[in-house]
Amino acid sequence: MRRVIAVEVARHPLMEPQDLYKLLHQAAMGSAHAIDDTAGVRRWMEQELTTMGDRPIDPLIDTLAPDGSVVRVNLRPWVAAGRSTDSLLASFIRSASTIPQDTIKLGHYLEVADSMVGEGSVPFDGAGWRALVERQRREGFPAVHHSPSYEMAYHPAYRVVQGSLVP
């Protein structure tokens, strides 16, 4: 997980505590929180595809879980490569029910991040990180959105998918 975090920090130096938490949450819990109804998820993806623009070009796939079981498929390179957005959407929906929600794994990932925060290996202070993690722990580890500064700087457009389901 140290490597996954280090890669994320290097690519997104303006990240804030909630962005790191989001990464770890996705790695351990998948994307079930993002699936309310299939039609809504399809509209959300169609909207994102039409508004994502050609801003930063990310790698096609980012590994989120160290074992590759959970990945982030970045939409811009996916579309640029001519890949099927319908098959990606199907994988995203299926992944929501196949990636186990693992708070124990999330706890381990948070410990790794705590260590890296303590070492100064992330671009934010430890007090903000610790406050966020404590609040999320009290609330049962809910999902969060990216910070406004992350959204503004990086314009993220991706889907979290089980690694074995990437079409």
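Any idea which of ARG83, ARG55, ARG76 is at pLDDT 95 or above, in a loop (DSSP other than H, G, I, E, B) and farther than 15 Å from SER164 by Cβ?
When all the criteria are applied, what remains is ARG83.
May I ask you to verify whether VAL41 is β-branched (Val, Ile, Thr), more than 24 Å from SER121 (Cβ to Cβ), at pLDDT 95 or above and buried (at least 17 other Cβ atoms within 10 Å of the Cβ)?
Taking the combined requirement at face value, the residue does not satisfy it.
Taking helices (runs of 4 or more DSSP H) that fall entirely within region 87-167, which contain at least 1 residues that are of a type in the set (Ser, Thr, Tyr) and either in contact with a strand residue (DSSP E or B) (Cβ under 9 Å, 6 or more places away or on another chain) or farther than 16 Å from HIS25 by Cα (or both)? Walk me through it before giving the result.
Details: elements: 103-119, 126-138, 148-154.
Because the criterion is at least 1 residues that are of a type in the set (Ser, Thr, Tyr) and either in contact with a strand residue (DSSP E or B) (Cβ under 9 Å, 6 or more places away or on another chain) or farther than 16 Å from HIS25 by Cα (or both), the helices (runs of 4 or more DSSP H) in region 87-167 that meet it are 103-119, 148-154.
Looking at (1) surrounded by 14 or more Cβ atoms within 10 Å (Cβ to Cβ); (2) more than 18 Å from the chain's Cα centre (by Cα); (3) not acidic (Asp, Glu), which is the only condition VAL166 fails?
(2)
Kindly check whether there is at least one residue in region 127-141 that is of a type in the set (A, V, I, L, M), surrounded by fewer than 18 Cβ atoms within 10 Å (Cβ to Cβ) and closer than 28 Å to ARG76 by Cα.
no
Do we have ALA32 as over 27 Å from ARG137 (Cα atoms) and either hydroxyl-bearing (Ser, Thr, Tyr) or modelled with pLDDT under 95 (or both) here?
On the way: over 27 Å from ARG137 (Cα atoms): no; either hydroxyl-bearing (Ser, Thr, Tyr) or modelled with pLDDT under 95 (or both): yes.
Here the answer is no, as ALA32 does not meet what is asked.
The values are calculated or read from the model by the stated rules, or taken from the named source; none is laboratory data. Please read all numbers here as calculations on a predicted model, not as lab measurements. When we count neighbours, we look across all protein chains shown, and the Cβ atoms used for this are built from the backbone with ideal geometry, even at glycine.
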